[in-house]
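Student: This is the structure I have questions about; it appears just below.
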Amino acid sequence: MKLRIGLIGHGDAWQTRHRPALRVLHDRFDVRAVFSTVAKLAENVAGEFQADVVDGYRALVSRCDIDAVIVLQRNWLGWLPVIAACEAGKAVYWAGDLDFDSVGDTEVRSIVEQSGVSFMVEFPRRFAPATLRVKELIATRLGAPKLIFCHRRLQACDDVAGSADPNPARRELVELIDWCRYVVGREPESVSSVEHQSQSSADKPLESNYRCMSLAFPATETHPSVTAQISCGSYIRSTWHEAAGFRPPSAMQICCERGVAFLDLPTTLVWFDDAGRNMETLDTESPVGEKLLSQFHRSVTSLLRNMSDLDDAYRAVSIFEAARQSETEGRRIRV
């Protein structure tokens, strides 16, 4: 079954993830309409896919030839396109950030749940070939995780002043929290966090440029306890060009019962066990965009409604907010 879809917005990952995936999966998706707050972008995308340019998100979701919508970016419209799609009974693929408000967005969550539509949140780290492969190794060769280290060093181009994203560090941390939950396969019981602040000049206020949090996953009858350390910061000045690209840390390091693995997304994995070193480059695997959209197609065309993604997104945000509470109160917070 081919899904007739409408595109809303134009995110940073359009050229590298969504556009190539839609071209390859032309037998599953038919782009019928495009809406963007930037008219020229909408015209370019519509021209490539022989789709119609519409002058509003409500006009797009109300079309009878649209089965589902892909929201590529959260812009000043916020949740309005999602709410309109739910009211029109159209499935939603959310490719915006995971920076939800676990309290303020409760009404939106209720609207999605009551609408009966399938709602999929984009988790690119989960579907990266290196992540899927390390999950296999945990089940077969490496054993259960005991320690996880995730570090994201934001570069100059990720700085708030030069990015359309007003809070890239928060977005990254929420996504890293979800990634660790997915790899471990269960929920943390507590979180603690510290934040480092500095000021670029004497006349400017303090700004957060580094945050480090620790998630504690309890032991079970069959698996040991896990500690996940997650850190993110933009502590290298934009003028330090050589330092910005020097020896970036692995996206994730996992110490397991019978070995250790180092992941660099999306396709590089190096792991060690008693037999020695193993390096896998998974370039022949399907790209992340294709895996994600294929999963969305499956969730919409099957009779099994997908709501777990939305719950996972809210859970990751609630853990991040608990980490902020930990910084304020100086203690570990149960989640």
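The values are calculated or read from the model by the stated rules, or taken from the named source; none is laboratory data. Model, not experiment: these values are computed from the prediction. Cβ atoms come from the backbone with ideal geometry, glycine included; neighbour counts cover every protein chain shown.
Student: I'd like the residue in region 286-314 that is outside any loop (DSSP other than H, G, I, E, B) and among the polar types (S, T, N, Q) and, out of all such residues, is modelled with the lowest pLDDT.
Tutor: SER308
Student: Then there is this: Checking SER110 against (1) free of Cβ contacts under 8 Å to residues at least 12 places away in the same chain; (2) assigned to a loop (DSSP other than H, G, I, E, B): exactly one of these is not met. Which one?
Tutor: Answer for SER110: the failing condition is (2).
Student: Only one of these conditions is not met by ARG324: (1) under 25 Å from THR16 (Cα atoms); (2) assigned by TED's automatic domain parsing to the domain that holds CYS212. Which number is it?
Tutor: Here ARG324 meets the rest and fails (1).
Student: While we're on this one: Given the conditions (1) loosely packed, with under 15 Cβ neighbours inside 10 Å; (2) part of a loop (DSSP other than H, G, I, E, B); (3) polar (S, T, N, Q), which single one is not true for ASN75?
Tutor: (1)
Student: Give the residues of region 7-20 that are crowded, with 20+ Cβ neighbours inside 10 Å and either within 10 Å of GLU290 (Cα to Cα) or touching a helix residue (DSSP H, G or I) at 6+ places or on another chain (Cβ under 7 Å) (or both), sorted by residue number.
Tutor: Within region 7-20, LEU7, ILE8, HIS10, ARG17, HIS18 meet the criteria.
Student: Which one of these does ILE333 not meet: (1) farther than 19 Å from LYS135 by Cβ; (2) without any contact (Cβ under 8 Å) to a residue 60 or more places away in the chain; (3) hydrophobic (A, V, I, L, M, F, W, C)?
Tutor: Checking ILE333 against (1) farther than 19 Å from LYS135 by Cβ; (2) without any contact (Cβ under 8 Å) to a residue 60 or more places away in the chain; (3) hydrophobic (A, V, I, L, M, F, W, C), the one that fails is (2).
Student: Tell me whether region 118-130 contains one or more residues that are farther than 24 Å from ALA13 by Cα and in the same structural domain as PHE35 (by TED's automatic domain parsing).
Tutor: No.
Student: While we're here: With the checklist (1) over 30 Å from GLU172 (Cβ atoms); (2) modelled with pLDDT of 95 or more in hand, flag the one item LYS2 doesn't pass.
Tutor: (2)
Student: Then there is this: Any residue at all in region 268-280 that's in a loop (DSSP other than H, G, I, E, B), among the aromatic types (Phe, Trp, Tyr) and out of contact with any Leu (no Cβ under 8 Å at 6 or more places or on another chain)?
Tutor: No - not one qualifying residue is present in region 268-280.
Student: Say we look at region 288-303 and pick out the residues that are in contact with a Lys or Arg (Cβ under 8 Å, 6 or more places away or on another chain) and among the polar types (S, T, N, Q); which of these is surrounded by the most Cβ atoms within 10 Å (Cβ to Cβ)?
Tutor: Top of the filtered list is SER299.
Rundown of residues vs (1) of a type in the set (Lys, Arg); (2) over 29 Å from ARG4 (Cβ atoms), yes/no style:
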| position | (1), (2) |
| --- | --- |
| PRO287 | no, no |
| PHE296 | no, no |
| SER299 | no, no |
| SER302 | no, no |
| SER308 | no, no |
| SER318 | no, yes |
| GLU321 | no, yes |
| GLU327 | no, yes |
| ARG332 | yes, yes |
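Student: Out of everything in region 21-62 that is part of a helix (DSSP H, G or I) and of a type in the set (Phe, Trp, Tyr), what residue ends up being surrounded by the most Cβ atoms within 10 Å (Cβ to Cβ)?
Tutor: Of everything passing the filter in region 21-62, TYR57 is surrounded by the most Cβ atoms within 10 Å (Cβ to Cβ).
Student: Looking at region 63-95 only, could you name the residues that are in contact with a Gly (Cβ under 7 Å, 6 or more places away or on another chain) and either of a type in the set (Ser, Thr, Tyr) or closer than 19 Å to LEU41 by Cα (or both)?
Tutor: VAL69, VAL71, LEU72, GLN73, ARG74, ASN75, ALA95
Student: Identify the residue in region 45-73 that is free of Cβ contacts under 8 Å to residues at least 60 places away in the same chain and touching a helix residue (DSSP H, G or I) at 6+ places or on another chain (Cβ under 6 Å) and, among all such residues, is nearest to VAL31 (Cα to Cα).
Tutor: VAL53
Student: Out of (1) closer than 30 Å to ASP273 by Cβ; (2) of a type outside the set (Ser, Thr, Tyr); (3) not assigned by TED's automatic domain parsing to the domain that holds CYS212, the odd one out for LEU147 is which?
Tutor: Here LEU147 clears every test but (3).
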